[in-house]
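Taken together, the values in this text are just the output of simple stated rules run on the coordinates, not laboratory data. In this text, all values refer to a predicted model and were calculated from it rather than measured experimentally. Every residue, glycine among them, receives a Cβ derived from its backbone with ideal geometry; neighbour counts consider all protein chains shown.
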Amino acid sequence: MDLLGVRSLPFLARRNYYYEFKHLLLWSALAGLIEGQFASIIVAKTFGGGKLLITIATTTPAACYIFSLF
């Protein structure tokens, strides 16, 4: 089963594609978490947002990065 579509690529590009995809997945999760933490601090301290608004500001960047892969 080829979930990433690696077999459709030229032979010499398959390994690099696989490694880049793994890096992109990890980078997306990490960047989304860090951006969400900064956004939650700004919403809480500057705007005085409630718990629901802080939660949405924290999770939105991570969800966007992860869903952009698909």
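Proximity of backbone amide H atoms, modeled 1.01 Å from N, is registered between GLY49 and ALA44 at under 5 Å, excluding neighbours fewer than 5 places apart on the same chain. For the range 9-23, putting each phi into the Karplus relation 6.51 cos²θ - 1.76 cosθ + 1.60 with θ = phi - 60° gives couplings of 8, x, 4, 6, 8, 5, 5, 5, 4, 4, 5, 5, 5, 4, 5 Hz, in residue order, rounded to whole numbers and with x for Gly and Pro. Using θ = phi - 60° in the Karplus curve 6.51 cos²θ - 1.76 cosθ + 1.60, the 3J(HN,Hα) couplings for the range 45-60 round to 7, 7, 9, x, x, x, 5, 5, 5, 5, 5, 5, 5, 6, 8, 4 Hz; x is entered for Gly and Pro.
Taking 0.36 nm per residue of sequence separation and removing the Cα-Cα distance, the LEU12/ILE34 pair yields an extension gain of 4.5 nm.
Once the C-beta distance of THR60 and TYR19 is scaled by a Förster radius of 35 Å, the resulting FRET efficiency is 0.80 to the nearest 0.05. Semi-axes of the equivalent ellipsoid for the chain, computed as √(5λ) from the eigenvalues of its C-alpha gyration tensor and ordered from largest down, come to 36, 10, 6 Å.
Compute the projected area of the convex hull of the Cα atoms of the range 29-70, averaged over all viewing directions, and report it in nm² to one decimal place. Let's see the in-between values first.
Working: hull surface 10.3 nm².
Over every viewing direction, the Cα hull of the range 29-70 projects on average to 2.6 nm².
Listed highest first by mean packing, meaning other Cβ atoms within 10 Å per residue, what order do 11-21, 56-66, 38-48 come in? Present the calculation step by step, with values, prior to reporting the outcome.
Working: 11-21: 11.3, 56-66: 16.7, 38-48: 13.2.
Packing order, densest peptide first, comes out as 56-66, 38-48, 11-21.
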